[in-house]
């Protein structure tokens, strides 16, 4: 089972990397960009029976820093369009 | 318009960060993980009329390193389930 975990900074947490990219886009002449936030994507191939609780535990223990980050779990190719 | 860009290493490119995470997950007792790949997620708020060509240009000029990375553009909240 393929799982995609998206880790993003919580709203309100300063994102200097996003700001730098925003600034660079403007420097390259791309107008109309209002906001840029950068996060991580973790794609994993896990055993088919892996429970949501296990995936949550992986995120909370290792993949995300729960103090400043949120995470979302997407099951790719199984319930992506559910 | 909200746009999400997913940047991932091309297949075959070594992903040491993914390997380290995989190793750590096993160390924490999570079994059944077969593969871990780590990429970037860039979420942008862009002007409504922004064309796909412009988004492609942003990716190719700045957001992705086309030598070792692929990118995918998703329009969030507009055609996410299309």
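Taken together, the values in this text are just the output of simple stated rules run on the coordinates, not laboratory data. It should be emphasised that the depicted structure is a prediction, and the values quoted were computed from it without experimental measurement. Note: ideal-geometry Cβ built from the backbone for every residue, glycine included; neighbour counts use all protein chains shown.
Residue A:17 passes every criterion in (1) crowded, with 17+ Cβ neighbours inside 10 Å; (2) closer than 18 Å to residue B:3 by Cα apart from (1). When you scan region B:62-75, do you find a residue that is more than 11 Å from chain A (Cβ to nearest Cβ), over 16 Å from the mean Cα position of the chain (by Cα) and over 18 Å from residue A:76 (Cβ atoms), even just one? Taking every residue of region B:62-75 in turn, none turns out to be more than 11 Å from chain A (Cβ to nearest Cβ), over 16 Å from the mean Cα position of the chain (by Cα) and over 18 Å from residue A:76 (Cβ atoms). Provide a single number: the residues in region A:43-57 that are farther than 20 Å from residue B:59 by Cβ and in contact (Cβ under 8 Å) with a residue 12 or more places away in the chain. Residues in region A:43-57 being farther than 20 Å from residue B:59 by Cβ and in contact (Cβ under 8 Å) with a residue 12 or more places away in the chain: 9 in total. Here residue B:10 passes the criteria (1) under 13 Å from residue B:68 (Cβ atoms); (2) touching a residue at least 40 places away in the same chain (Cβ under 8 Å); (3) at the interface with chain A (Cβ under 9 Å from one of its Cβ atoms) except the one numbered (3). Within region B:29-51, the set of residues being out of contact with any strand residue (DSSP E or B) (no Cβ under 6 Å at 6 or more places or on another chain) and either under 26 Å from residue A:30 (Cβ atoms) or surrounded by 12 or more Cβ atoms within 10 Å (Cβ to Cβ) (or both) comprises B:30, B:47, B:48, B:49, B:50, B:51. Could you please let me know if residue B:54 is facing chain A (nearest Cβ under 9 Å), surrounded by fewer than 18 Cβ atoms within 10 Å (Cβ to Cβ) and touching a strand residue (DSSP E or B) at 6+ places or on another chain (Cβ under 9 Å)? So residue B:54 passes the test. For region A:22-48, the set of residues classified as more than 7 Å from every other protein chain (Cβ to nearest Cβ) and on the phi < 0 side of the Ramachandran plot consists of A:22, A:23, A:26, A:27, A:31, A:48, listed by residue number.
Across region B:40-54, the number of residues qualifying as within 21 Å of residue A:64 (Cβ to Cβ) and out of contact with any helix residue (DSSP H, G or I) (no Cβ under 9 Å at 6 or more places or on another chain) comes to 1.
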